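Step one of this worksheet: look at the structure below.
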Amino acid sequence: MIRRKAVSMASLLTLSVALLLSSCGGKEEVVIEDDVKQESQFEGVTEIKYGDYEIGKSGGQLVMAVVSDPKTLNDAVAGESSSTDITYQLYSYLVQRNQQDLDWAPMASESWSFSEDQKTITHKIRKGMKWSDGTDLNAKDFVFAYNHVILREDVESNSRDGMFVNDLPVEVKLIDDYTLSITADTVYAGMLSISNVHPYPRHIFGPLIGWTEADGYDYEFEVVDGEVVEKKDENIDYAAINSFWGVDTDVTTIVGNGPFIITEYVPSQKAVLKRNPHYFEKDAKGNQLPYLDELVMLIVADQDTQLAKFQSGETNFYRLRGEDYAILIDKKEDLGFDIYNVGPVTSTQFIVMNQKPDATDVSEAVLSWSSNKQFRTAMAHVVDRQTIINNIAYGFGYPQYSFVPKMSPYYWDDADNKAAKYDPEKAKKILDELGWIDNDGDGIREDDKGNKISLRMTTNAGNRVREAIGELFAQEARKVGVEVNFQPEDFNTMVGKLLSGNDWDIILIGLTGSVDPISGSNVYRSQGNLHMMDPNQVEPRRDWEKRADEAWKVANNTTDENQRKEGWQTLQEIWVEELPWIYTFNAASMHAYDAKLGNIQPRPVSELDEFGIIQYLYWK
Amino acid sequence: MNKNKDLYIRLSFVADILLIVFLILTGTSWFLSIVVVEAVMWLIRLYWISRVLLLFIGKRLLHMIPIILSVVAIGFFLIQLAPGDIFTQMTLNPNVNPDTIDRYRATFGLDKAWYVQFFRYVWNALHLDFGYSINYKTAVFNLVSQRAGNTLTLAITTIILAWGLSIPAGIYSATHQYRIGDQIITVLAFLGLALPSFFAAFLLIYFVSSTGSWLPIGGMWSVDVDQMNIFQKGIDLLRHMAIPVFVLATRNMASLTRIMRANMLEIMSQQYITTARAKGLTEKTVVYKHALRNAINPMITIFGYQFGYILGGSALVEAVTAWPGLGSLMLQGIMSQDLYLVVGSLVYSVALLVIGNLIADILLGVVDPRVRIS
């Protein structure tokens, strides 16, 4: 009896001690390794050769994995990538950027021309195009798409706001069966971005909403009190488009003009797309595209399971995470695939300091530091991009100095040289010169009024990359005598603070980007709601903001490419000089393709990577 | 009078079949048609069998209404407390005008106070409009019914497995107390209680995949399920169900076995059991005819709760094993603050919980003659 008691006591004790020790994890410090191999980061990774597409042969099936189910199969209202991954394959646009030089290339539009005053672009639509159900396709379907789908406020479309120039919608007119024109209120550089639109089948959507040819193709509106008020027809119900072609639809009724059509969708399992026999595009020899017969998208929620499926040969394509490189690189020859470095992603990731003059819950001291350009420059010298890339992105990243993606024609090449680099000694020097030294020996400097230099920093909790960057920044800042208290918090709370400009000192955040930074009109202009250091300004408060707003106009109120490049360069120069925020890094996008696939020329822009080339992929 | 009653009851079964066929022909899923028709027809039959029971059920169903209403109100209130809403993600999209987001919020009533939203919802629900999922852009009712069938398949199989194994295990454990069989069952039970369900699912997936993938990992059907005949489809479904059902069942079995064992032990130590043995009854009769019937009472109450719990507890397991069920739908809705989806799922689970309790009470009345529905 006593022996039994002793044994049970001993085991209980051991168990509790084990539990105690294991829970004593504590907060992990980011360890900076000294022996990091930098030059072999991209070893074994194939560089992509951009050039003319090879002539391929038709046949075969491409199997890939996607992370979640689409929420809708209607491209008009698809809002996130799980839906657009599928719906993007079904349509072909007026114009599209080609992979080789990222210039706008004619697709459904055969050619275009600008008017004398540069405000109107006229497209000539290709003849002989058909929808996947055999119905003829012409300019009427495009004008219908603009005026009766995208511009209508009852349709929950993400593209609507992109169709506004100077807060007025563009005017899209049907000139004849194969010609349409788009007119903007002023000369606008984004006319081709606005032309990046695909048609909707008016023979299906028309009856759905109660529209007939007699109702016409125009979008009518009036401006009341500065607001655009749409003229609505009582009989037409645009809201019906929102729930049309949802996930429970019979997929064979979905009509498109793109390279593929959906033949099957099994929720949480897979989506199967087959070649669209009526797709208009042909290769250089006149062969019908796409080469692939079938595209199968398996829905696999867990990334590790996706990796397992790729290795077992169940899928032919895989998007690598940094940690997958080590696992896959040795198996290349055995399993028969290649890893391609597609390049730096277009999204931005930056550290912004609050400079809003009347921000509530932000101390005067913090505002005095953040509005001090020397201080911001010193903080820029504290961002250790290389360590971030090595430790967080497993070496697969590029330092970021500008909001323009590196591959974009508008990238200011000198940004790499002129931007502030990691230099803690310089940071210390700048702070010394400001007279902000540590008087009381606690390791933290005080400013000239005696305030301890201490700022709060936050980012959205749960994002491993951002949390690590924040920790590193706080560590490095401490080394130069600035106290940064880093505390990640809930995404929605953080966004609320960010947009109101109140109750935050430093935030680490990121935004999506694109090849043409014109999409950032809410970000870089002082009046924008996403001009995070001081949003929604009525008039630009700072001299450099006045210059930036001017540079924005120069870059975008013209269709002259050279003038645009000038404008963007000025804007990037201002950003590097004035440092309203500090960019950190871009992850490198790496894809693995089966070695027997040909014509692999992806670009890391969301609609141009593996999908931009999908009609040219073929099995050798 | 008696003869007529029996005749009516027998005839009503014909009506059953006719109604089921009719519903299937109009396009409802066979599962839903059977459930609805049977529920309605049995309520009708109760009128002849036992009016008292019908009254009891009627009262309980009426009780359900204030319960559901309060849960929904609490749901609206709590979601309001969480910072932001489903459109907050959109505000960081540089391509979207903030005015557009305000317009969306107004369309869905998200800019109104929680009680206003609540009354609007109740009013719509009376017209059988359970709201619109902003994420999926379809009616919540359709979404939930689509996924509910999948979760119920999992739930029913789990319940059959768990109860089918744990009752005998509990009895065996009690009758062979402290012997080697009991020790093994007890250890297994404690293990099952200690492991979190999703962790057990991960462990199992790892184990299966590293010993040659003899079971499919995740999902509900194989990729080529359409080429299979009905028999192969059944096998395919069972193979896919194996991991989630095993994980869910073992969790339940652990607690059920322990409780059953405790109940049995308590009963077996009673005086009347000793009397029965003294009277010369076989051990088998003593255990199965006398002890078991008393020990099973508390279990029936637990059975009522299981209905509601299986739905909630399966969310994590569904997420890990990629089972397309209601749990994962609810989880998604909560994470993205898809208001009407969350409230719709709440209504569904509360209804299920109440009905489960109702079934438990009726069963109790059937099993235990001392408890009569009054």
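What follows draws every value from the coordinates through simple rules; no lab data is involved. None of the values given here were measured: they were computed from a predicted structure. All Cβ positions, glycine included, derive from the backbone under ideal geometry; neighbour counts span all protein chains shown.
State, as an integer percentage, the relative contact order of the range A:320-447 based on alpha-carbon contacts under 8 Å between residues 6 or more apart.
24 percent
Using the average count of surrounding beta-carbon atoms within 10 Å as a protection proxy, the listed peptides A:434-442, B:253-261, A:271-279 rank, highest first, as B:253-261, A:271-279, A:434-442. A simple charge model with +1 on the Cβ of Lys and Arg, -1 on the Cβ of Asp and Glu and nothing else charged puts the dipole of the protein assembly as shown at about 6120 debye relative to its Cα centre.
Within the listed set B:Ser50, B:Ser314, B:Ser328, the Gaussian network model of chain B (springs between alpha-carbon atoms below 10 Å) gives the highest mean-square fluctuation for B:Ser50. Gaussian network model of chain B, Cα springs within a sub-10 Å range: biggest mean-square fluctuation belongs to which of B:Phe202, B:Phe246, B:Phe13? It is B:Phe13. Output the pairs from A:Lys332/A:Lys418; A:Lys421/A:Lys565; A:Lys406/A:Lys546; A:Lys309/A:Lys596; A:Lys285/A:Lys332 with a Cα-Cα distance over 28 Å in this structure; if there are none, say none. Beyond 28 Å between Cα atoms: A:Lys332/A:Lys418; A:Lys285/A:Lys332. Per-residue packing, averaged as other Cβ atoms within 10 Å, sorts the ranges B:111-122, A:374-385 into the order A:374-385, B:111-122, beginning with the highest.
Counting Cβ atoms of other protein chains within 10 Å of each residue's Cβ and taking the mean over peptide A:263-275 gives 3. 3J(HN,Hα) couplings calculated from phi for the range A:152-168 with the Karplus curve 6.51 cos²θ - 1.76 cosθ + 1.60 (θ = phi - 60°) are, in sequence order, 6, 6, 6, 8, 7, 9, 7, 8, 4, 5, x, 8, 9, 10, 6, 6, 10 Hz; Gly and Pro show x. Under 5 Å between amide hydrogens, built in the peptide plane, is the criterion, and for A:Ser589 it picks out A:Val342, A:Gly343, A:Val345 among residues at least 5 positions away or on other chains. About its Cα centre, the dipole of the range A:287-327 is roughly 100 debye, where the only charges are +1 on Lys and Arg Cβ and -1 on Asp and Glu Cβ. Inter-chain Cβ neighbour count for B:82-92, averaged per residue, equals 5 (cutoff 10 Å, partner chain atoms only).
By the gyration tensor of its Cα atoms, with a ≥ b ≥ c the square roots of the eigenvalues, what is the shape of the protein assembly as shown: rounded for a/c under 1.5, prolate for a/b over b/c, or oblate? In terms of gyration-tensor shape, prolate.
When the helix-only estimate is applied to the protein assembly as shown (DSSP H runs of n ≥ 4, each -39,500 (n - 2.57), divided by the residue count), what is the mean residue ellipticity at 222 nm, nearest 500 deg cm²/dmol?
Values: 30 runs with 440 residues, N = 994.
That calculation yields -14500 deg cm²/dmol at 222 nm.
Taking the longest Cα principal axis of chain B as reference, the axis of helix B:2-25 is set at about 40 degrees. Please determine, in degrees from 0 to 90 and to the nearest 10, the orientation of helix A:424-433 with respect to the longest principal axis defined by the Cα atoms of chain A, where the helix direction is its Cα long axis. That helix lies at roughly 70 degrees to the long axis.
Can you tell me the order of A:464-477, B:282-295, A:47-60 when each peptide is scored by its average per-residue count of other Cβ atoms within 10 angstrom, highest first?
On the way: A:464-477: 20.0, B:282-295: 15.9, A:47-60: 13.3.
In decreasing order of mean packing, A:464-477, B:282-295, A:47-60 become A:464-477, B:282-295, A:47-60.
The value of relative contact order for chain A, using C-alpha pairs under 8 Å at least six residues apart, is 18 percent.
Can you give the net charge of the other residues whose Cβ lies under 9 Å from the Cβ of A:Ala555, counting K and R as +1 and D and E as -1? Intermediate values should be presented prior to the final figure.
On the way: positive: A:Lys553, A:Arg564, A:Lys565; negative: A:Glu566.
Here the charged neighbours net out to +2.
How big is the gap, in Å, between the Cα center of the range A:312-377 and the Cα center of the range A:43-71? Value for the Cα centre distance between the two parts: 24 Å. Expressed as an acute angle from 0 to 90° and rounded to the nearest 10, what is the orientation of the C-alpha long axis of helix B:140-175 relative to the principal long axis of chain B? It is inclined by approximately 20 degrees. Loop-located chymotrypsin sites (Phe, Trp or Tyr not before Pro) in the range A:108-141 (DSSP state not H, G, I, E or B) with no more than 11 neighbouring Cβ atoms inside 10 Å do not occur. Across B:Met90, B:Met264, B:Met220, mean-square fluctuation computed from a Gaussian network of chain B (C-alpha pairs under 10 Å connected) peaks at B:Met90. Classify the range A:71-207 as rounded, prolate or oblate from the Cα gyration tensor: take a ≥ b ≥ c as the square roots of its eigenvalues, call it rounded if a/c is under 1.5, otherwise prolate when a/b beats b/c and oblate if not. Rounded.
Please label the shape of the range A:505-567 as rounded, prolate or oblate, based on the square roots a ≥ b ≥ c of the eigenvalues of the alpha-carbon gyration tensor (a/c under 1.5 means rounded; beyond that, a/b larger than b/c means prolate, else oblate).
Working: a/c = 2.48, a/b = 1.38, b/c = 1.79.
In terms of gyration-tensor shape, oblate.
Farthest towards the positive end of the charge dipole of chain A, among the residues A:Asn166, A:Ser347, A:Leu298, is the Cα of A:Leu298, using unit charges on the Cβ of Lys, Arg, Asp and Glu.
Please give the average number of partner chain Cβ atoms lying within 10 Å of the Cβ of each residue in A:241-250, rounded to a whole number.
On the way: counts 1, 4, 6, 1, 1, 7, 6, 6, 1, 0.
That average works out to 3.
Normalising the average separation of contacting C-alpha pairs (under 8 angstrom, six or more residues apart) by the number of residues puts the relative contact order of the range B:61-128 at 38 percent.
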